[in-house]
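What follows is one structure encoded as structure tokens, with my remarks underneath.
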Amino acid sequence: MLKNSYFISGLVALLLSLILYFVAIPLGISAPSNVSKIVLSPVFWPQVLSVLLGITGIALMLSADPAYDDDGCDSETCDDNAGSKVSTDGSFKRLFWMGVLMIAYTAAIPKLGLVWASMIAFVALSILIKSTHPRTAVVAAVIIPLVLYLFFAHVAGMSIPQGEFLRLP
């Protein structure tokens, strides 16, 4: 049995991708036949994400080296205690705060709007995961939601939830 976590993670990602693409998306998302642009179809972006998940799974499976287990030791030469384990100190606390952040993000959208809530959530997440590039994270937190808003609101013509305090043009 393979003990390499890259291979197992890749296999799970690939299987999930196949289930999404062939079962969940066709059964769970209805798409009208009169959509003028393919990128505006409700089925298009979930399919793109599903394909990307499958490609990621295949890449993980290909990057796995079956001669090495999770510790990075050759299974024939390492004894059980030789591998170093990754520290998981504080992982459950970060997982808890990630859940709190997701709930707060969802609650903030009606008051602040999707763009402003996304900016704040992006910065909060970079603080939570202790990003090694905090300035880049703050710049990305501002630019990415604004660019996505401009595309969807002005190019695609879709309405984006606006907040009660400050409205974007």
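Take the residues in the range 119-147 that are under 21 Å from Leu40 (Cβ atoms) and in contact (Cβ under 8 Å) with a residue 12 or more places away in the chain, then tell me which one is surrounded by the most Cβ atoms within 10 Å (Cβ to Cβ). First the steps, then the outcome.
In the first step, residues of the range 119-147 are kept if they are under 21 Å from Leu40 (Cβ atoms); the result is 144-147.
This time we only want the ones that are in contact (Cβ under 8 Å) with a residue 12 or more places away in the chain, so: 144-146.
On the way: Ile144: 14, Pro145: 22, Leu146: 14.
Looking at residues that are under 21 Å from Leu40 (Cβ atoms) and in contact (Cβ under 8 Å) with a residue 12 or more places away in the chain, I get Pro145.
State yes or no: is Lys111 under 17 Å from Pro145 (Cβ atoms), surrounded by fewer than 17 Cβ atoms within 10 Å (Cβ to Cβ), in the same structural domain as Phe151 (by TED's automatic domain parsing) and modelled with pLDDT under 95?
Values: under 17 Å from Pro145 (Cβ atoms): yes; surrounded by fewer than 17 Cβ atoms within 10 Å (Cβ to Cβ): yes; in the same structural domain as Phe151 (by TED's automatic domain parsing): yes; modelled with pLDDT under 95: yes.
Yes.
Would you check which residues across the range 23-48 are outside any helix (DSSP H, G or I) and closer than 16 Å to Val155 by Cα and list them?
Taking the range 23-48 first, the residues outside any helix (DSSP H, G or I) are 29-37, 41-43.
Answer for the range 23-48, where residues must be outside any helix (DSSP H, G or I) and closer than 16 Å to Val155 by Cα: Val35, Ser36, Lys37, Ser41.
Condition test on Lys130, is it touching an Asp or Glu at 6+ places or on another chain (Cβ under 7 Å) and not assigned by TED's automatic domain parsing to the domain that holds Ser41? Don't jump to the end; show me each part of the working.
On the way: touching an Asp or Glu at 6+ places or on another chain (Cβ under 7 Å): no; not assigned by TED's automatic domain parsing to the domain that holds Ser41: yes.
No; evaluated as a whole, the condition is false for this residue.
Let me confirm something: among Leu20, Leu40, Leu53, which residue is under 22 Å from Leu148 (Cβ atoms), at pLDDT 95 or above and surrounded by 11 or more Cβ atoms within 10 Å (Cβ to Cβ)?
On the way: Leu20 fails: under 22 Å from Leu148 (Cβ atoms); Leu40 fails: at pLDDT 95 or above.
Of the residues listed, the single one that is under 22 Å from Leu148 (Cβ atoms), at pLDDT 95 or above and surrounded by 11 or more Cβ atoms within 10 Å (Cβ to Cβ) is Leu53.
This table checks each residue for (1) surrounded by fewer than 16 Cβ atoms within 10 Å (Cβ to Cβ); (2) closer than 30 Å to Ser131 by Cβ; (3) modelled with pLDDT of 85 or more.
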site	(1), (2), (3)
Leu49	yes, yes, yes
Asp74	yes, no, no
Asn81	yes, no, no
Leu101	no, yes, yes
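The values are calculated or read from the model by the stated rules, or taken from the named source; none is laboratory data. Please read these numbers as outputs of a predicted model, since none were measured by experiment. With ideal geometry, Cβ positions are generated from the backbone for all residues, glycine too; neighbour counts draw on all protein chains shown.
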